[in-house]
Each structure stands twice: as C-alpha cells, then as structure tokens.
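Since the structure comes first, as structure tokens, the remarks are kept for the end.
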Ligand code: B1M
C-alpha cells in the first residue's frame, strides 16, 4: 500500500524516498489529501506514539519532522493551486514558547489553496507580534496554533490581549491539545481540529 510505504519512509527518516513516493502517487492520480492524511500525518502520529512510549527521542522527532517537511514540499504546490481572487488576509503563527510548525504550515497551505492571502509569522510568536502584524497588514483573521499543553495558556492570553486592544480581526485557534470547549472558554471566534476544517471556519468568519 502506497500510504504505508510513505509512513515507513517517514519513520526511516528517508526524505528522498518520501519525495519519490509522493511524486509517483500524484502522477498515478492519487488524491493529495489521502497521501497527506493517510501517509504523512499518520506517520507523525506514530512518531508521537513512539515518543510517548520512550521508543524514540527529540532528535528522532526532529528528523521525522524534516522528512515530513520534504513530503509537504511536494504537496504544497498541489494544495495551493488556485485561480480564485483573494478571499481574505490571514496572519498565522505558532504561539510563544512553542516550536511546532508542521500543523500550522498545513493550515497555512490549505488557506492559500482556498484563495486566502497568508502572512506566516513562524513559530514562538509573541502576542504583541501578532498584534503588530494584524495592525500593519489590516488582516481579516488571526490564526494561532499551539501544540503543547504548556503553551495553550498563550492562546488565552493573546485572545484577551486582542480583545483589550479592540483588534477587530476574527480569531481562529487550533493544535492537537486544543478543544472546542477550550476555544469557546477563551473567547476565540473559531476553532478547528484540522487544517481542512480551518479553511471552513475561516470562510465562515469572513462571511461574518
Ligand atoms: Co513535540 N510534542 N515536543 N516536537 N511533537 C508533541 C506535540 C507531543 C504530543 C509528543 C508526545 O508526547 N506524544 C508532546 C506534547 C505533549 C503535550 O503537551 N500534551 C510533545 C513534546 C512534549 C515536545 C517537547 C516538550 C519535547 C522535549 O523537548 N522534551 C518539545 C517542545 C519544544 C517546543 O515547542 N518548545 C518538542 C519538540 C518537538 C520537535 C521540535 C522535535 C518536533 C517539531 C518539529 C516541527 O514542528 N518543526 C516535534 C514533533 C515532530 C512532535 C510530534 C511527534 C508531531 C507533531 C506534528 O508535526 N504533527 C507530536 C506528536 C503528535 O502530534 N502526534 C509532538 C503533525 C501535524 C500535521 O499535526 O501539528 O497536530 P498537528 O496539526 C494538526 C492539527 O492539530 C491541526 O491541523 C493539523 C492537521 O490537519 N492544527 C490546527 C494545527 N494547528 C492548527 C491551527 C488551527 C486549526 C487547526 O487554526 C489556527
């Protein structure tokens, strides 16, 4: 099974093989989302499971992340292909203290693919940096990712900061430990479990 080969190649940290497998599957007409969800994302879930059980450590997590990024490099142009006029401007980033960027990058790609213009501030982004970027760019939405339970409070602090300053942009939050209940509790305007859903939420927020 091709997706299982992709999972194995990510777990072997074999970037060249991941790139070759994805390219040949795309050439054969495979659905890009099935390669992404069933291959690359499934592989990272397995990496997380092995990390939790002590079978692998941070250096291996980094190697797996680099391998996944090589695969995403092939997928990005396919996901981002769009002729549509801009649907809105989104400032996106991973919150302060958090260095995980793969999910955030996926959300960014899917938004671009859906016709949004995206300003990506990267990882470890302070609340004030989000504020300045939204103010300078007059962004419609601000999208924040948090992957650690220890960085979830930064989402809450940022939402409170945006409200205090009357920022005006719609706020979308997500990341593995973030739940709808948490998003509601901190007063975010939108939440999604995954990158595909994030696009739907962004569209809804743009529609008012
Ligand atoms: Co880290 N890490 N990590 N890590 N890491 C996790 C998150 C962890 C769950 C692993 C585990 O224990 N099983 C765990 C967190 C536990 C917790 O807090 N509950 C963990 C830990 C503990 C750590 C360190 C503390 C380890 C240490 O140093 N002892 C450390 C923290 C560093 C820091 O950030 N300050 C750390 C470091 C790292 C690396 C740097 C080595 C590397 C990241 C490299 C990189 O991103 N460039 C890494 C990795 C790779 C992982 C795992 C294995 C994979 C994350 C990933 O990329 N997943 C991860 C385990 C796991 O998630 N299964 C783990 C694939 C990605 C597509 O999924 O990011 O969840 P995800 O994105 C999803 C959704 O969440 C959603 O859409 C995406 C898919 O559709 N989504 C959004 C994401 N953002 C969204 C925003 C939205 C909407 C949806 O709207 C704005």
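At least 2 residues being more than 14 Å from the ligand (Cβ to nearest atom) and either within 17 Å of residue 99 (Cβ to Cβ) or touching a helix residue (DSSP H, G or I) at 6+ places or on another chain (Cβ under 9 Å) (or both) is the threshold, and among the helices (runs of 4 or more DSSP H) wholly inside the stretch 115-193 those reaching it are 127-137, 152-165. Of all residues in the stretch 106-126, those satisfying the criterion of being closer than 22 Å to residue 182 by Cβ, surrounded by 19 or more Cβ atoms within 10 Å (Cβ to Cβ) and out of contact with any strand residue (DSSP E or B) (no Cβ under 7 Å at 6 or more places or on another chain) are 106, 110.
Would you say residue 196 is near the ligand (Cβ under 9 Å from one of its atoms), crowded, with 23+ Cβ neighbours inside 10 Å and within 22 Å of residue 87 (Cβ to Cβ)? Judged against the criteria, residue 196 is not a match.
Residue count for the stretch 11-45 satisfying the condition of being at pLDDT below 95 and within 20 Å of the chain's Cα centre (by Cα): 15. Within the stretch 68-103, the set of residues being in a helix (DSSP H, G or I) and within 10 Å of the ligand (Cβ to nearest atom) comprises 68, 69, 72, 102, 103. Using beta carbons and a limit of 9 Å, which pairs, at least six apart or on different chains, have the first residue in the stretch 53-76 and under 24 Å from residue 32 (Cα atoms) and free of Cβ contacts under 8 Å to residues at least 40 places away in the same chain and the second one near the ligand (Cβ under 9 Å from one of its atoms) and outside any helix (DSSP H, G or I)? So the pair list comes out as 65/100; 65/101; 69/101.
The values are calculated or read from the model by the stated rules, or taken from the named source; none is laboratory data. Since the model is a prediction, treat every value here as computed from it, not as a measurement. Reconstructed Cβ throughout: ideal geometry from the backbone, glycine too, with neighbour counts over all protein chains shown.
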